[in-house]
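J.: I'd like to ask some things about the structure below.
The values are calculated or read from the model by the stated rules, or taken from the named source; none is laboratory data. This is a predicted model, so every value here is computed, not measured. Methodologically, a virtual Cβ is constructed for each residue, glycine included, from the backbone with ideal geometry; neighbour enumeration extends over all protein chains shown.
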Amino acid sequence: MTEKNLQKKPYPLGVHKEEGGVRFSFVSRAASCGILLYDRKTGRELEKVPFAQEDRIGNVYCSTLKNIDADSVSWLFYEEDMPVPDDRGRAFPGRQAFGKAADVRDLRAAFPEEGFEWGVDRFPRIPYHQAIGYCLHVRGFTKHASSGVKHRGTFAGLAEKIPYLREIGVTTIELQPAYEFTELPYREEAVRESAHGMRTGEPRFGDGTNPPFEWNPAQRKLNYWGYKKGFYYAPKAAYAAGDPAGEFKALVRELHRNHMELVMQFYFPWGVQPGEITEILRFWVLEYHVDGFHLMGENLMADMLAADELLADTKIWYYCFDTGSNGNQAPAYPHLGEYNDAWYYDMRRFLKGDGGMLDSVLYHMRHIPDQAGAIHYISNYYGFTLADLVSYDRKHNEHNGEENRDGNDYNCSWNCGEEGAARRKRTRQLRLRQMKNAMCLLLFSQSTPLLFMGDEFGNSQKGNNNPYCQDNAITWLDWEQGKKNKEILDFWKKLVAFRREHPILHPAKELRLMDYLACGYPDLSYHGQNAWQPRTDGCFRHIGIMFCGKYAQREEKSDDTFLYLAMNMDWVGQELALPKLPKGMEWTKAFSTEETEDTKEEEKSGWLRKVGPRAISVYVGRYCSG
């Protein structure tokens with residue numbers, strides 16, 4: 001039998017090893033509650049230990065149990081007659097199988113394995129202007145047989161793909177929820193959620209009432225993504241080939257050795273307290289050496305987190321921040337990053353040829369928030385993938401079982417003339433060009449670009465823009481597409497190399513559209529059919545953008561060169577003027593998204609250059625030979 005130590009130590013909450021015992025600290029408003037102890041290996045219940053009133057301070061019950069072999073037991077709490085998982089559990093040994101119909105006893109918590117050796121591990125702390133992000137789902141990234149990894153769908157499988165990620169230029173990996181969560185709700189979870197709604201007065205019917213609880217296991221639907229209240233202190237066991245904690249740490253360590261970062265998504269629904277959120281983020285930085293967090297959920301008091309001293313070097317991404325709301329000048333928080341859909345929607349509209357978009361496009365391409373970062377993307381886990389963006393006019397979510405009513409109807413997409421798989425070569429060529437155009441918009445915009453997994457080689461989800469419940473070929477990345485669509489993959493690599501070669505394309509601060517060096521050229525300028533005379537009226541869909549490299553230096557301390565981006569999203573070819581360069585320099589075409597590229601002589605007349613329909617051409621200023 002266990003023995004209680006009467007000394008109270010309620011914080012930190014959860015279960016912790018103490019000298020001579022294990023301390024249990026649990027928040028409950030129930031009439032009776034306590035601890036259920038199990039044998040970790042067999043799952044056999046060992047003892048039911050009720051909390052007494054003398055264990056209670058406020059709504060926190062705390063008791064230290066002596067005579068326990070901490071590493072040989074697992075536990076649940078209980079409220080009245082209902083078992084309750086430990087929300088702060090750090091390991092869940094019964095959760096290794098993904099998609100298994102959960103029983104509350106599968107959520108017995110235990111202590112994670114110890115003894116991981118970090119060695120000399122350093123946080124890369126990559127500045128936003130040097131970062132290229134890549135959002136992925138741990139399971140979907142390598143679960144497909146074509147991934148070629150030993151441990152498919154796991155943290156270890158992701159670690160095996162680090163050389164590939166480096167090859168395509170990724171510096172910062174963003175993980176969809178990788179903490180423990182239940183893919184299928186279990187009865188006790190549903191009961192608790194229903195009871196919580198009744199306690200807090202949150203109505204679920206339009207007449208302001210709550211329904212009686214009804215449990216129907218057949219209506220449960222798989223939550224593949226994991227955007228729900230989770231067990232925020234534990235790496236997801238089903239994403240590990242072995243020990244989840246050790247495997248996650250090994251992944252982070254290997255990323256750091258390759259000067260790469262790991263950013264975790266955390267979804268916090270209503271009811272998670274700001275103090276607890278701070279505690280969770282600090283825990284992952286200290287225990288797992290995580291480099292950043294993408295916060296998701298409403299009213300998270302992200303500004304308070306921004307000012308947390310421990311997180312001052314940790315990337316924090318959120319929809320927006322209001323750090324100057326006290327009326328004073330906003331302080332500098334260079335670790336913050338705005339992460340919202342403003343760039344996403346405007347660039348999609350421009351890509352498909354909507355009018356009146358140039359002013360917004362030019363703003364988004366140059367915008368870098370003052371004293372912070374910004375993340376921009378053309379696709380993400382929600383909405384169409386890049387390939388589907390140019391292949392479908394409408395969402396096709398029939399496989400989700402909701403009669404295609406789920407998912408966003410506003411996708412700003414264009415199928416290039418055929419819905420779905422294209423039979424005509426002309427359509428396929430146009431789609432390829434549009435994907436290249438999108439990549440140019442992504443990498444020539446001067447904040448931090450982020451790519452969704454597989455977009456670099458045209459991965460498709462068959463028009464499903466909301467595959468939240470699909471654990472199959474729809475969401476598993478088919479790596480064979482990288483071979484079939486080698487042209488688009490090679491183009492992405494070429495663009496990344498070009499961006500890195502030219503620091504004027506990724507400045508630390510927003511370019512000012514001014515000649516503040518008195519060198520005869522502004523850092524950034526816009527042009528139309530006549531140099532220095534841009535037209536952004538509603539009917540114009542083409543523009544020339546010139547970057548002056550004198551405002552940026554390469555690593556060897558030499559000035560960058562002049563660059564000119566000729567963009568035309570019109571359905572007919574257009575002429576754009578290239579400004580005159582300093583004496584001894586001339587414009588040279590570097591590449592174009594047109595399928596002919598440099599296979600035929602370029603159409604030009606003086607300083608005018610012809611840009612084909614729905615195409616982007618890039619020119620570089622070079623010194624004339626001789």
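J.: Here's a check for you: in the range 590-624, which residue that is modelled with pLDDT of 85 or more and of a type in the set (S, T, Y) is nearest to the chain's Cα centre (by Cα)?
T.: T593
J.: Of these, Q529, Q574, Q533, which one is over 17 Å from R622 (Cα atoms) and either in contact with a Leu (Cβ under 7 Å, 6 or more places away or on another chain) or among the acidic types (D, E) (or both)?
T.: On the way: Q574 fails: either in contact with a Leu (Cβ under 7 Å, 6 or more places away or on another chain) or among the acidic types (D, E) (or both); Q533 fails: either in contact with a Leu (Cβ under 7 Å, 6 or more places away or on another chain) or among the acidic types (D, E) (or both).
Result of the check over Q529, Q574, Q533: Q529.
J.: Additional query: Take L443 and tell me if it is assigned to a helix (DSSP H, G or I), in contact with a Pro (Cβ under 6 Å, 6 or more places away or on another chain) and over 20 Å from Y382 (Cβ atoms). I'd like the intermediate steps shown before the answer.
T.: Working: assigned to a helix (DSSP H, G or I): yes; in contact with a Pro (Cβ under 6 Å, 6 or more places away or on another chain): yes; over 20 Å from Y382 (Cβ atoms): yes.
For L443, the condition - assigned to a helix (DSSP H, G or I), in contact with a Pro (Cβ under 6 Å, 6 or more places away or on another chain) and over 20 Å from Y382 (Cβ atoms) - is met.
J.: Another question, then. Would you mind finding the one in Y382, Y363, Y410, Y392 that is in a helix (DSSP H, G or I) and not aliphatic (A, V, I, L, M)? Write out each step before concluding.
T.: Numbers: Y382 fails: in a helix (DSSP H, G or I); Y410 fails: in a helix (DSSP H, G or I); Y392 fails: in a helix (DSSP H, G or I).
Just one listed residue meets the conditions, Y363.
Yes/no per residue for (1) in a helix (DSSP H, G or I); (2) of a type outside the set (G, A, S):
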{"site": "E113", "(1), (2)": "no, yes"}
{"site": "G119", "(1), (2)": "no, no"}
{"site": "R139", "(1), (2)": "yes, yes"}
{"site": "G157", "(1), (2)": "yes, no"}
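J.: Which ones in the range 532-576 are surrounded by 19 or more Cβ atoms within 10 Å (Cβ to Cβ) and small (G, A, S)?
T.: Residues satisfying the conditions are G544, G549, A552, A566.
J.: Sticking with this structure for a sec: Name the residues in the range 225-248 that are within 21 Å of the chain's Cα centre (by Cα), farther than 17 Å from Y468 by Cβ and part of a loop (DSSP other than H, G, I, E, B), would you?
T.: Result: A240, single match.
J.: Say whether the condition of being surrounded by fewer than 17 Cβ atoms within 10 Å (Cβ to Cβ), in contact (Cβ under 8 Å) with a residue 60 or more places away in the chain and under 19 Å from the mean Cα position of the chain (by Cα) is met by at least one residue in the range 135-157.
T.: Checked against the condition, which is being surrounded by fewer than 17 Cβ atoms within 10 Å (Cβ to Cβ), in contact (Cβ under 8 Å) with a residue 60 or more places away in the chain and under 19 Å from the mean Cα position of the chain (by Cα), the range 135-157 yields no hits at all.
J.: May I ask you to say which residue of G43, G21 is surrounded by 13 or more Cβ atoms within 10 Å (Cβ to Cβ), over 25 Å from I280 (Cβ atoms) and in contact with a Gly (Cβ under 8 Å, 6 or more places away or on another chain)?
T.: The conditions single out G43.
J.: Exactly one of (1) surrounded by fewer than 18 Cβ atoms within 10 Å (Cβ to Cβ); (2) closer than 26 Å to E419 by Cβ is unmet by L513. Its number?
T.: The number of the failed condition is (2).
J.: Which residue pairs have Cβ atoms closer than 7 Å, lie 6 or more positions apart in sequence or on different chains, and pair a first residue in the range 333-345 that is assigned to a helix (DSSP H, G or I) with a second residue that is of a type in the set (F, W, Y) and crowded, with 16+ Cβ neighbours inside 10 Å?
T.: Between residues of the range 333-345 that are assigned to a helix (DSSP H, G or I) and residues that are of a type in the set (F, W, Y) and crowded, with 16+ Cβ neighbours inside 10 Å, the close pairs are Y344/Y377.
J.: From the list F498, F540, which one is within 31 Å of the chain's Cα centre (by Cα) and modelled with pLDDT of 95 or more? Working first, answer last.
T.: Details: F540 fails: within 31 Å of the chain's Cα centre (by Cα).
On inspection, the qualifying residue turns out to be F498.
J.: For P503, only one of the following conditions fails: (1) under 29 Å from S147 (Cβ atoms); (2) in contact with a His (Cβ under 9 Å, 6 or more places away or on another chain). What is its number?
T.: Here P503 clears every test but (1).
J.: Are there any strands (runs of 3 or more DSSP E) wholly within the range 257-328 with 2 or more residues that are among the aliphatic types (A, V, I, L, M) and at pLDDT 95 or above, and if so which?
T.: Strands (runs of 3 or more DSSP E) meeting the threshold: 261-267, 292-296.
J.: Looking only at the range 66-79, decide whether some residue is among the hydroxyl-bearing types (S, T, Y), part of a loop (DSSP other than H, G, I, E, B) and surrounded by fewer than 18 Cβ atoms within 10 Å (Cβ to Cβ).
T.: no
J.: Right, here's the next one. Quick one: would you say R166 is surrounded by fewer than 17 Cβ atoms within 10 Å (Cβ to Cβ) and assigned to a loop (DSSP other than H, G, I, E, B)?
T.: Here the answer is no, as R166 does not meet what is asked.
J.: Among what's in the range 538-554 and is of a type outside the set (A, V, I, L, M, F, W, C) and touching a residue at least 40 places away in the same chain (Cβ under 8 Å), pick the residue that is nearest to V611 (Cα to Cα).
T.: Of everything passing the filter in the range 538-554, H542 is nearest to V611 (Cα to Cα).
J.: Collect the residues in the range 557-579 that are touching a residue at least 60 places away in the same chain (Cβ under 8 Å) and over 16 Å from R433 (Cβ atoms), keeping them in residue-number order.
T.: T561, L563 - these are the residues of the range 557-579 that are touching a residue at least 60 places away in the same chain (Cβ under 8 Å) and over 16 Å from R433 (Cβ atoms).
J.: Does the range 456-479 contain any residue that is assigned to a helix (DSSP H, G or I), of a type outside the set (D, E, K, R) and surrounded by 23 or more Cβ atoms within 10 Å (Cβ to Cβ)?
T.: Looking for residues that are assigned to a helix (DSSP H, G or I), of a type outside the set (D, E, K, R) and surrounded by 23 or more Cβ atoms within 10 Å (Cβ to Cβ), one finds at least one in the range 456-479, hence yes.
J.: Related question: Any residue at all in the range 294-301 that is among the small types (G, A, S), surrounded by fewer than 21 Cβ atoms within 10 Å (Cβ to Cβ) and within 29 Å of D523 (Cβ to Cβ)?
T.: no
J.: So for the range 505-525 (the condition being within 29 Å of the chain's Cα centre (by Cα) and outside any loop (DSSP other than H, G, I, E, B)), does at least one residue qualify?
T.: yes
J.: Tell me, which residue of the range 347-396 that is at pLDDT 95 or above and among the polar types (S, T, N, Q) is nearest to the chain's Cα centre (by Cα)?
T.: My answer is N380.
J.: Given the structure, is K8 part of a strand (DSSP E or B), basic (K, R) and more than 30 Å from A241 (Cα to Cα)?
T.: For K8, the condition - part of a strand (DSSP E or B), basic (K, R) and more than 30 Å from A241 (Cα to Cα) - is not met.
J.: Out of the range 380-394, which residues are crowded, with 24+ Cβ neighbours inside 10 Å and of a type outside the set (A, V, I, L, M)?
T.: G383, F384, T385, D388, S391, Y392
J.: Only one of Q219, Q176 is of a type outside the set (S, T, Y) and at pLDDT below 65. Can you tell me which?
T.: Q219
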